[in-house]
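In what follows, a single structure is set out as structure tokens and then discussed.
The values are calculated or read from the model by the stated rules, or taken from the named source; none is laboratory data. The shown structure was predicted, so the numbers you read here are calculated from the model rather than taken from an experiment. Reconstructed Cβ throughout: ideal geometry from the backbone, glycine too, with neighbour counts over all protein chains shown.
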Amino acid sequence: MAHWLYLPHLEAAGEAAVLEGAEASHAVRARRLRIDDPVCVFDGMGRVAQGRISDVIQRPLQVHLVINHHQHWPPPAARIHLASALPKGDRQATMLDMAAQLGMTDFTPLKCDRSVSQARAQAYERWQRVLIESCKQSHRPWLPALHPPVKLRDWIDQCGEIDAVNVIADRQGTADSRVIESRLLSAGAVCLVVGPEGGFSDAERAHLSRTRSDMLSLGDGVLRVETAAVALTALAGRLLAAGLPGPTANNRST
């Protein structure tokens, strides 16, 4: 199976392209790819092409490609928008990596009353790189979209304005997921909300009680933020895929 590599502006690449920087290093030093090895390149916007390595230049490191057999995949038919309080440190990357592999299409950092970590501008560049690596791993042609942080109250108000199933991970929510699962099977979009490990404040709970949302318990224990986010994304992704026509959520177009 050909290794996936990230190539922005693939549409304009034509029959030849050059990988530089981190992507060239990943191809040669991490994947140990060599001349004539097959590769699959994608631009994160649904375009995918098969190709092979035609040359490797060491200084500066460049990987030259011959590209053919272009394809275009439409956006995912069902969108999964995860809005989550941020865990600490490297656990942020772990959460995004796993959620993207499971089908997350959008991510919004959530600012809650008991949030410990806050989104910093410089974090977005790192998150983007994490998402690229996750799409390469899971062979997903569309990069998830990163959105600016929002307060919980604002997020819930926004979700109420769109036609989506809103599911909130909460220890005090229902443990019976059958009603939520039946709604997800016919949904075109889902908004997933995960709060901080300290839980939602009384004021936030009062606001949530007045919204059109489903509160779902993910178990008896107190989960880490990233654990809850990944579990909720996996549930939503499985049910949304089951409700779509055909074997997969994406239908290829050329």
- Query: Out of curiosity, is ALA189 small (Gly, Ala, Ser), exposed (fewer than 15 other Cβ atoms within 10 Å of the Cβ) and more than 19 Å from ALA228 (Cβ to Cβ)?
  - Reply: no
- Could you tell me whether segment 20-32 includes any residue that is within 19 Å of GLU125 (Cα to Cα), in contact (Cβ under 8 Å) with a residue 12 or more places away in the chain and either assigned to a strand (DSSP E or B) or not assigned by TED's automatic domain parsing to the domain that holds ASN68 (or both)? yes
- For GLU197, state whether it is out of contact with any Gly (no Cβ under 7 Å at 6 or more places or on another chain), closer than 16 Å to SER84 by Cα, among the acidic types (Asp, Glu) and not in a strand (DSSP E or B). yes
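Please pick out the residue among ALA242, ALA236 that is under 23 Å from the mean Cα position of the chain (by Cα), modelled with pLDDT under 75 and outside any loop (DSSP other than H, G, I, E, B). Step through it out loud before you land on a result.
Numbers: ALA236 fails: modelled with pLDDT under 75.
Selected residue: ALA242, the only one of ALA242, ALA236 that is under 23 Å from the mean Cα position of the chain (by Cα), modelled with pLDDT under 75 and outside any loop (DSSP other than H, G, I, E, B).
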- Message: If the requirement is being within 13 Å of the chain's Cα centre (by Cα) and not small (Gly, Ala, Ser), which of these qualifies: PRO87, PRO76?
- Response: PRO76
- Task: Identify the residue in segment 3-17 that is exposed (fewer than 14 other Cβ atoms within 10 Å of the Cβ) and of a type in the set (A, V, I, L, M, F, W, C) and, among all such residues, is nearest to PRO60 (Cα to Cα).
- Result: ALA16
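Looking only at segment 154-167, decide whether some residue is over 21 Å from LEU239 (Cα atoms) and among the aliphatic types (A, V, I, L, M). Steps first, please.
Just the residues of segment 154-167 that are over 21 Å from LEU239 (Cα atoms), to begin with: 154-158, 160-161.
Of the ones still in play, those that are also among the aliphatic types (A, V, I, L, M) are 156.
Yes, there is a match, as at least one residue in segment 154-167 is over 21 Å from LEU239 (Cα atoms) and among the aliphatic types (A, V, I, L, M).
Enumerate the strands (runs of 3 or more DSSP E) found wholly within segment 50-153, keeping only those where 3 or more residues are under 19 Å from VAL39 (Cα atoms) and in contact (Cβ under 8 Å) with a residue 60 or more places away in the chain. Step through it out loud before you land on a result.
Details: elements: 62-72, 79-84, 106-111.
The qualifying strands (runs of 3 or more DSSP E) are 62-72.
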- Any chance segment 136-156 includes a residue that's under 25 Å from LEU223 (Cβ atoms), crowded, with 17+ Cβ neighbours inside 10 Å and of a type in the set (Gly, Ala, Ser)? no
- Residue that is farthest from ALA2 (Cα to Cα) [pool: residues in segment 18-52 that are among the basic types (Lys, Arg), surrounded by fewer than 19 Cβ atoms within 10 Å (Cβ to Cβ) and touching a Leu at 6+ places or on another chain (Cβ under 9 Å)]: ARG29
- Residue in segment 194-222 that is nearest to the chain's Cα centre (by Cα), counting only those that are surrounded by fewer than 18 Cβ atoms within 10 Å (Cβ to Cβ) and of a type in the set (A, V, I, L, M, F, W, C): VAL222
